Amino acid sequence: MISAIVVYSNTGNTRRVVEAVALQLGATLTTVQAPEVRPTPFAIFRLGFATLFGGVTPVQLQGPDYTKSDLLILAAPVWAGRVAVPMRSWLATRPPLGPRVALVMTGGAPAASATAFADFAKRAGITPEASLYVSEAAAKADTFGASCDRFCSQLAARA
C-alpha cells in the first residue's frame, strides 16, 4: 500500500501527530504552506474572519507527489470548529484525492471535533475511511500513541 499525507500545521501539533502516522504506515508527507499565515494581529484577525465566513488564503504544496498513493490522509488543525483556512484553501482547488481518504485533526476543544470533521469531509468531497482526532494537550505531551495505533490498524486492515 502506498500512503501519502497532506498536512497543514501551524503550531507543529498536527505535524507531530502525522509524523507518527507516517512512521507506522510508511507514508510520505506533503505540506500545505501558507505564506500569509503569520502571528501578527492583522493576520490573526483576517484569518479569524476567513475561518468564520469561508474565506481562503494563498497556499502552495511542498513535498512529494501525493496523487499516486493508494491511501491519502489529510491532516489539519481545527480552527473555530472548522478545518483550518490553509487546508480549506487547498481543498478549494479540488485536487484529485483518490478512492481511499482518511482525516486527521488536532485541536483544543474535543467537543468541536464532530463539526470540524463534517466540515473537513464536505470540503474534501469525501466520506472518510477513518478519522483521528488528537487534542492539543495530547499532541504536545506526546500521549496520543494508542489512538494513533488504532487509526493506523484500521487503515491497514482495509488495505
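Matching residues to (1) closer than 21 Å to Glu19 by Cβ; (2) surrounded by fewer than 24 Cβ atoms within 10 Å (Cβ to Cβ):
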residue: Pro86; (1), (2): yes, no
residue: Ser89; (1), (2): no, yes
residue: Ala92; (1), (2): no, yes
residue: Val101; (1), (2): yes, yes
residue: Met105; (1), (2): yes, no
residue: Gly108; (1), (2): yes, yes
residue: Ala114; (1), (2): no, yes
residue: Asp119; (1), (2): no, yes
residue: Lys122; (1), (2): no, yes
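Which pairs have Cβ atoms under 9 Å, sit 6 or more apart or on different chains, and link a residue in segment 140-156 that is among the aromatic types (Phe, Trp, Tyr) to one that is in a helix (DSSP H, G or I)?
The qualifying pairs are Phe144/Arg16; Phe144/Val17; Phe144/Ala20; Phe144/Ala138; Phe151/Val21; Phe151/Gln24.
For segment 131-147, what are the residues that are more than 13 Å from Gln24 (Cβ to Cβ) and surrounded by fewer than 21 Cβ atoms within 10 Å (Cβ to Cβ)?
Ser131, Ser135, Glu136, Ala137, Ala138, Lys140, Ala141, Asp142, Thr143
Any residue in segment 2-27 that is free of Cβ contacts under 8 Å to residues at least 24 places away in the same chain sitting within a Cβ distance under 9 Å of a residue that is part of a helix (DSSP H, G or I) and buried (at least 22 other Cβ atoms within 10 Å of the Cβ)? List the pairs, counting only those 6 or more apart or interchain.
Gly12/Ala139
Pull up segment 104-159, narrow it to residues that are among the hydroxyl-bearing types (Ser, Thr, Tyr), more than 14 Å from the chain's Cα centre (by Cα) and assigned to a helix (DSSP H, G or I), then point me to the one that is nearest to Val85 (Cα to Cα).
Per the criteria, the residue is Thr115.
Restricting to segment 60-84, name every residue that is crowded, with 22+ Cβ neighbours inside 10 Å and part of a loop (DSSP other than H, G, I, E, B).
Those that are crowded, with 22+ Cβ neighbours inside 10 Å and part of a loop (DSSP other than H, G, I, E, B): Tyr66, Ser69, Ala84.
Pro99 is checked against (1) in a helix (DSSP H, G or I); (2) over 17 Å from Val32 (Cα atoms); (3) out of contact with any Lys or Arg (no Cβ under 8 Å at 6 or more places or on another chain) and fails just one. What number does that condition carry?
The single condition Pro99 does not satisfy is (1).
Here, each number is a calculation from the coordinates, and none is a lab measurement. As the structure is a prediction and not an experimental result, all values here were calculated from the model. Every residue, glycine among them, receives a Cβ derived from its backbone with ideal geometry; neighbour counts consider all protein chains shown.
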